[in-house]
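Peer 1: Just dropping this structure here.
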Ligand SMILES: [Zn+2]
């Protein structure tokens, strides 16, 4: 398997959920080979079971329950965005149930959300006008060129199977002075290095690519973005969610037992800072010769 990003050779790094994560010898990008049609996969996989804990290895135990924590986490991103843009049109890509669309609207943005999951979009419609939402993958998006001031992707980038083309598409939707905000795992963080296959971001086949700051930077530059700011965030999570992560991605039997015993009462808030959530604010690189 050749590296998606730089074309160098890769080698098997870890096995999980029946998939092998390959890592590039040159740029260290991690990637899996998705043995199914991507569009069919994302449209069928991100169902009610995914968001509500029905899928054993899924990232969420109960996404709706986690809303107050998800909002706390989004608040930090909103503050960073407000340092660049106070208002304008905002698109949240991979918006799930639309919690960030809701917050951005409250903050004064004309905010839109898209998600491949028809289930999540149907839920989002309970609190966001239908005209602001699209159930679609990035390649299917139907917005006018250069129409957005801000495009955000929170914990979405690692789910894409062709991030290069997706970024090109998103670049075309962004105004020339717009900003792109991406938050994803850092596969070169200390937590990822120490935890190896138990690192919470290693959840194939949902997560297809595993970036670090260097190779994400290279990808952004290649498609015409300039990263202006890098930062890391911790996350507010419930005890229930932490145990869910430990029992699923960490494959801990003790956590599985505790999850079952404590589940009904485990809404205790925890703040976790592992240094493995990286984020960037990027702007468009404008070609000198193009008008
Ligand atoms: Zn590479």
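The values are calculated or read from the model by the stated rules, or taken from the named source; none is laboratory data. No experiment lies behind these values; they were computed from the predicted model shown. Here Cβ is always computed from backbone atoms with ideal geometry, including for glycine, and neighbour counts include all displayed protein chains.
Peer 1: Name the single residue, out of those in the stretch 16-26 being within 16 Å of residue 201 (Cα to Cα) and assigned to a loop (DSSP other than H, G, I, E, B), that is nearest to the chain's Cα centre (by Cα).
Peer 2: Here is the first cut: in the stretch 16-26, the residues within 16 Å of residue 201 (Cα to Cα) are 16-23.
Narrowing further to those that are assigned to a loop (DSSP other than H, G, I, E, B): 17-18.
Values: 17: 19, 18: 22 Å.
For the stretch 16-26, the residue satisfying everything is 17.
Residue by residue, here is whether (1) assigned to a helix (DSSP H, G or I); (2) in contact with a strand residue (DSSP E or B) (Cβ under 7 Å, 6 or more places away or on another chain); (3) within 16 Å of the ligand (Cβ to nearest atom) holds:
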{"position": "7", "(1), (2), (3)": "no, no, yes"}
{"position": "11", "(1), (2), (3)": "no, yes, yes"}
{"position": "14", "(1), (2), (3)": "no, yes, no"}
{"position": "28", "(1), (2), (3)": "no, no, yes"}
{"position": "42", "(1), (2), (3)": "yes, no, no"}
{"position": "51", "(1), (2), (3)": "yes, no, no"}
{"position": "63", "(1), (2), (3)": "no, no, no"}
{"position": "95", "(1), (2), (3)": "no, yes, no"}
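Peer 1: Looking at the stretch 221-243, which of its residues are modelled with pLDDT of 85 or more and crowded, with 22+ Cβ neighbours inside 10 Å?
Peer 2: 225
Peer 1: Another question, then. Does residue 145 count as under 21 Å from residue 46 (Cα atoms) and either modelled with pLDDT of 95 or more or crowded, with 19+ Cβ neighbours inside 10 Å (or both)? Don't jump to the end; show me each part of the working.
Peer 2: Numbers: under 21 Å from residue 46 (Cα atoms): no; either modelled with pLDDT of 95 or more or crowded, with 19+ Cβ neighbours inside 10 Å (or both): yes.
When the stated conditions are applied, residue 145 does not pass them.
Peer 1: Could you grab the pairs with beta carbons closer than 6 Å, sequence gap of 6+ or different chains, first residue in the stretch 6-27 and under 18 Å from residue 192 (Cα atoms), second one within 9 Å of the ligand (Cβ to nearest atom) and not in a strand (DSSP E or B)?
Peer 2: 24/3; 24/8; 25/8; 27/5; 27/6; 27/215
Peer 1: Another question about this same structure. Return the only residue of 96, 83, 187 being in contact (Cβ under 8 Å) with a residue 12 or more places away in the chain and at negative phi.
Peer 2: Numbers: 96 fails: at negative phi; 83 fails: in contact (Cβ under 8 Å) with a residue 12 or more places away in the chain.
Just a single option satisfies the conditions, and that option is 187.
Peer 1: Restricting to the stretch 100-123, what's the tally of residues that are touching a helix residue (DSSP H, G or I) at 6+ places or on another chain (Cβ under 8 Å), modelled with pLDDT of 95 or more and crowded, with 20+ Cβ neighbours inside 10 Å?
Peer 2: Number of matching residues: 8.
Peer 1: Another question, then. State which residue is farthest from the ligand (Cβ to nearest atom) when the search covers only the stretch 30-40 and only residues that are surrounded by fewer than 18 Cβ atoms within 10 Å (Cβ to Cβ) and within 26 Å of residue 247 (Cα to Cα).
Peer 2: Taking the stretch 30-40 first, the residues surrounded by fewer than 18 Cβ atoms within 10 Å (Cβ to Cβ) are 33-40.
Next, from what is left, pick out any that are within 26 Å of residue 247 (Cα to Cα): 33-35.
Details: 33: 15, 34: 18, 35: 21 Å.
Per the criteria, the residue is 35.
Peer 1: Would you check which residues across the stretch 215-250 are assigned to a loop (DSSP other than H, G, I, E, B) and either within 27 Å of residue 180 (Cβ to Cβ) or out of contact with any helix residue (DSSP H, G or I) (no Cβ under 6 Å at 6 or more places or on another chain) (or both) and list them? Full working, then the answer.
Peer 2: The initial filter retains those residues of the stretch 215-250 that are assigned to a loop (DSSP other than H, G, I, E, B), namely 223-224, 233-234, 249-250.
Matches in the stretch 215-250: 223, 224, 233, 234, 249.
Peer 1: Any residue at all in the stretch 193-211 that's surrounded by 22 or more Cβ atoms within 10 Å (Cβ to Cβ) and assigned to a helix (DSSP H, G or I)?
Peer 2: no
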